[in-house]
Amino acid sequence: MPIFSLPRLYAIADSSLLRDEASFFHFVEELVGGGTTLLQYRNKSGSPRQVLDRAREIKRRVDRSVRLVMNDRADLCLAAGFDGVHVGQEDLSADGVRRVIGVERWLGVSTHNAEQVKIADATSADYIAIGPVFATSSKVNPDPVVGLEGVRAARALTQKPLVAIGGITRENCRSVIEAGADSVAVISGLLREPNKTVRDFLAILG
Ligand code: TZP
Ligand code: MG
């Protein structure tokens, strides 16, 4: 497994939240220009071909120092030459993804309760995400909010790097790190003024 350390901010670019392709790529460039070093591409509505085309374009536009993570799809991660995959509870299992992507690429798993954290901890996942920490409108049918208490509980159950997700803003991100998360994953909190907002998050999180 690669030596693994997560940056404090894990930006997620969700293509459904940007009105067209040009704004999507502009958004990605703003995130990276602001200092994002770990970026997940999330596209729940495109065909596999569209997802891959956009992924390749992201890769073309973004410096190699930025780690690129594909949401849901191990096959498209490989096809796009991304650095990792993030899967949820209904995607391929973590160990199934690992067999596809090999040991070098990064693998993250979403969890929503203590039981799922324990199970993910026993897999070959490189990091575990826990959430939604706060209310979110970026996910269809989100699981119940776990709160800061859920982050603390997850922290106690795993030594893998822990990502907190769901409703995280500049205002509440410190409390999430203080509850034990290593990194905060943010979707809607980056949509406005992404370059400045990324810089703000990085300044707040040190
Ligand atoms: N998983 C748990 S909450 C969530 C996902 C994908 C959405 C997070 O988006 P936002 O806009 O940062 O609340
Ligand atoms: Mg998924």
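Descriptive notes on the structure:
Yes/no per residue for (1) among the acidic types (Asp, Glu); (2) over 23 Å from Phe4 (Cα atoms); (3) within 12 Å of ligand 2 (Cβ to nearest atom):
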position	(1), (2), (3)
Leu38	no, no, no
Ser47	no, yes, no
Gln50	no, yes, no
Arg60	no, yes, no
Arg64	no, no, no
Arg67	no, no, no
Cys77	no, no, no
Val85	no, no, yes
Gly96	no, no, no
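- Selection from segment 40-56 of residues that are assigned to a helix (DSSP H, G or I) and either in contact (Cβ under 8 Å) with a residue 40 or more places away in the chain or over 19 Å from the mean Cα position of the chain (by Cα) (or both): Pro48, Arg49, Gln50, Asp53
- Residue in segment 37-55 that is hydroxyl-bearing (Ser, Thr, Tyr) and in contact with a Phe, Trp or Tyr (Cβ under 8 Å, 6 or more places away or on another chain) present: yes
- Check on Ala181, within 16 Å of ligand 2 (Cβ to nearest atom) and under 28 Å from Gly102 (Cβ atoms): no
- Matching residues in segment 19-39 - criterion: being surrounded by 15 or more Cβ atoms within 10 Å (Cβ to Cβ), free of Cβ contacts under 8 Å to residues at least 40 places away in the same chain and among the aliphatic types (A, V, I, L, M): Val28, Val32, Leu39
- Residue check for Val145: of a type in the set (Val, Ile, Thr), buried (at least 18 other Cβ atoms within 10 Å of the Cβ), under 18 Å from the mean Cα position of the chain (by Cα) and assigned to a loop (DSSP other than H, G, I, E, B): no
- So Phe82, is it over 17 Å from the mean Cα position of the chain (by Cα) and either of a type in the set (Phe, Trp, Tyr) or in a strand (DSSP E or B) (or both): no
- Note on segment 113-141: residues that are free of Cβ contacts under 8 Å to residues at least 12 places away in the same chain and in a loop (DSSP other than H, G, I, E, B) total 2.
- For segment 90-112, a residue qualifies if it is in a helix (DSSP H, G or I) and either crowded, with 22+ Cβ neighbours inside 10 Å or hydrophobic (A, V, I, L, M, F, W, C) (or both), and the qualifying residues are Ala94, Val97, Val100, Ile101.
- Positions within segment 98-111 being of a type in the set (A, V, I, L, M) and within 13 Å of ligand 2 (Cβ to nearest atom), in sequence order: Leu107, Val109
- In segment 118-132, the residue that is surrounded by the most Cβ atoms within 10 Å (Cβ to Cβ) out of those that are in contact with a helix residue (DSSP H, G or I) (Cβ under 6 Å, 6 or more places away or on another chain) and within 24 Å of Asp14 (Cα to Cα) is Ile130.
- Of residues in segment 166-193 being part of a strand (DSSP E or B) and over 22 Å from Ser23 (Cα atoms), the one nearest to ligand 1 (Cβ to nearest atom): Val184
- Within segment 153-169, residues that are of a type in the set (S, T, N, Q) reach partners that are at pLDDT 95 or above with beta carbons closer than 7 Å, at six or more positions or on different chains, in the pairs Thr158/Val117; Thr158/Asp121; Thr158/Ile128; Thr169/Gly189.
The values are calculated or read from the model by the stated rules, or taken from the named source; none is laboratory data. Everything numeric in this text was worked out from a predicted model, so none of it was measured. Every residue, glycine among them, receives a Cβ derived from its backbone with ideal geometry; neighbour counts consider all protein chains shown.
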